1. Are any residues in the stretch 77-100 assigned to a strand (DSSP E or B), under 20 Å from Gly19 (Cβ atoms) and of a type outside the set (A, V, I, L, M, F, W, C), and if so, which ones?
2. Which condition from (1) in a helix (DSSP H, G or I); (2) within 20 Å of Ser35 (Cα to Cα) is the one that Gln103 breaks?
3. With more than 20 Å from Asn59 (Cα to Cα), more than 16 Å from the chain's Cα centre (by Cα) and of a type outside the set (Phe, Trp, Tyr) as the only criterion, which of Ser150, Ser107, Ser114 stands out?
4. Conditions: (1) free of Cβ contacts under 8 Å to residues at least 24 places away in the same chain; (2) small (Gly, Ala, Ser); (3) closer than 18 Å to Gly37 by Cβ. Gly184 meets all but one. Number of the miss?
5. Only residues that are in contact with a strand residue (DSSP E or B) (Cβ under 8 Å, 6 or more places away or on another chain) and over 15 Å from Gly26 (Cα atoms): list them for the stretch 169-186, please.
6. Looking only at the stretch 106-157, count every residue that is among the basic types (Lys, Arg) and outside any helix (DSSP H, G or I) and tell me the total.
7. Working only within the stretch 53-102, note down all residues that are of a type in the set (Lys, Arg) and either more than 25 Å from Leu132 (Cα to Cα) or surrounded by 11 or more Cβ atoms within 10 Å (Cβ to Cβ) (or both).
8. Checking Ser150 against (1) surrounded by 14 or more Cβ atoms within 10 Å (Cβ to Cβ); (2) over 19 Å from Lys29 (Cβ atoms); (3) among the hydroxyl-bearing types (Ser, Thr, Tyr), only one condition comes out false. Which one?
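The values are calculated or read from the model by the stated rules, or taken from the named source; none is laboratory data. Computed from a prediction, not measured in an experiment: that's the story for all the values here. Every residue, glycine among them, receives a Cβ derived from its backbone with ideal geometry; neighbour counts consider all protein chains shown.
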Amino acid sequence: MTNKTEKEQLINPIFEQHGYIQVYTGDGKGKTTASLGLAVRALGRGWKVLIVMFTKGGNNYGELNTFTNLSEEWKNRLVIYQAGLDRIVYKSNMTKGDVEEAQKGWSIAKKAISEGEYQLVIMDEANIAIDLGMIELDDVLQTLRNKPDSVEVVLTGRRAKDEIIEVAHLVSEIKAVKHYWDKGINARSGIEY
């Protein structure tokens, strides 16, 4: 055991073993990709991982194909729940069904966070679901503030609320500098989905 300096002793000791709250937001590409890379890293270290994919239904996602082909050991430690219909959700096309799916996903994520069953809970596109009012900001904030120390939580998606950014320990804003979509190139299988 090493001796800690006076400064190190002042740091909250919980944070030495604490699961942090991470946010990947912004208009650039790579928020979901970053969180899925973190999931692979955590699985490689023996962690149990839950991924709740808000506003994403259907089976046309390359990562889902990859995860179905994992070793049995990894599959036993990974749960993916799709909390969305098979389409992209915007404020202009949001339906009651979209809201119901998001709320089911939030129930699963909230329970997992509160009970500490998983060491990593990724809420992909949760910022979008919060921004669209599909799940309640105050409920998410209360859950994050009261999460067990052993749980790391990641929220992805554009337009992260200031309150989410404030409660987070790590916030990465992915900035769009240049994108081939601006020249009319469509989303590509294996790259965007």
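1. Just the residues of the stretch 77-100 that are assigned to a strand (DSSP E or B), to begin with: 78-83.
Those still in the list that are under 20 Å from Gly19 (Cβ atoms) too: 78-81.
Within the stretch 77-100, just Tyr81 meets the criteria.
2. (2)
3. Details: Ser107 fails: more than 16 Å from the chain's Cα centre (by Cα); Ser114 fails: more than 16 Å from the chain's Cα centre (by Cα).
None of the other options fit; the residue is Ser150.
4. Failed condition: (3).
5. Let us first name the residues in the stretch 169-186 that are in contact with a strand residue (DSSP E or B) (Cβ under 8 Å, 6 or more places away or on another chain), namely 169-174.
Scanning the stretch 169-186 gives a single hit, His169.
6. Total satisfying the criteria: 1.
7. Lys56, Lys75, Arg77, Arg87
8. (1)
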